Amino acid sequence: MSEELKVKKASKKAVMKSFLNWLFLAHSCYNYERLQGVGFLHAMSPIINDVYDKDDVEGKKEAMQRHTVFFNTEPRLGSMIVGLCAAMEERIASGEKELAGDAMTSIKNGLMGPISGIGDTFIQAILSPLLLSMALGLAAGGNVLGPVLYMILFIGIILILGYECYMLGYKKGDEAILNFIESGVINKIISGAGIMGCTVMGALVANFVTLNTTVSFEMTTGVFDLQANFFDALMPKLLPLVATLLVYAGMKKKEISALKMMLILIVVGAVLGIFGIIG
């Protein structure tokens, strides 16, 4: 019966330093050849220095070479891959040398794509715009808490999210990561945040997009104001909604760039203003 492997565990200080190195320096020495490869090595250095013997120069050298290969993922959710590799390095340093070959590279290559897709969608397309939309409402009213609130919430969320993901990979391993990806939990979070984001954006359109028509007609019963007597009676803020949907359709369906859309809005707004249609 084979003796159970006694794993050299990295200190809590080394683990925390590894996490912080990755969170803040994932893009250090970013280049087109290896992207986050050097940043990944920087995150693994505290673990390598802690679990390998001081005189094991070759072991450290091989470990560092393993973590300079091409790597690219979303840094916050991607920290679970760093945590997983940290746990694997502990086992390699303890004698489980079969993990030092293609196993680690295969795991990194297999996980970085799916996690990148989920992370980019959640962080860049949902979380950041959602927090910005809430903070903009305060900032537009002259409240300094707008940008402060955004920074506190965003930094706090990514710190907690990054740490929990790192520890998930470090403590639970690759099976836990795959179960997390396949469970559909993150998709439910993204879906819920997307619905909330649409609600907030709707409120922003109503409050910050201003578009009124000045067209009116002389009638036997008096002046018929198209804005007040028709559009506002039909649905308040109808024109801002229609304008927003047209802009969205142009950028989404027709793939008009943001710069071109801004120029179109300026030209159309100027023409309609000159002819007294909007004001």
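Laboratory data are not the source of any read-out in this text; all were calculated from the coordinates shown. Owing to the predicted nature of the structure, the values given are computational and were not obtained by experimental measurement. All Cβ positions, glycine included, derive from the backbone under ideal geometry; neighbour counts span all protein chains shown.
Ratio of Rg to Rh for the chain: 1.19 [Cα atoms; Kirkwood radius as inverse mean 1/r over pairs]. Spin-label model, Lys97/Lys12: points 7 Å from Cα along the beta carbon direction are separated by 3.5 nm. Report note on the peptides 126-139, 157-170: ranked by the mean count of other C-beta atoms within 10 Å, highest first, their order is 157-170, 126-139. Pairwise Cα separations in the stretch 209-274 fall into 10 Å bins from 0 onward with the following percentages, short to long: 19, 39, 29, 11, 3.
The stretch 71-90 and the stretch 127-143 have their alpha-carbon centroids 32 Å apart. Straight-line cross-link partners of Lys17 among the lysines, defined as a Cα under 27 Å from its Cα and at least 8 positions apart when in the same chain: Lys6, Lys8, Lys9, Lys54, Lys60, Lys61, Lys97, Lys108, Lys171, Lys172.
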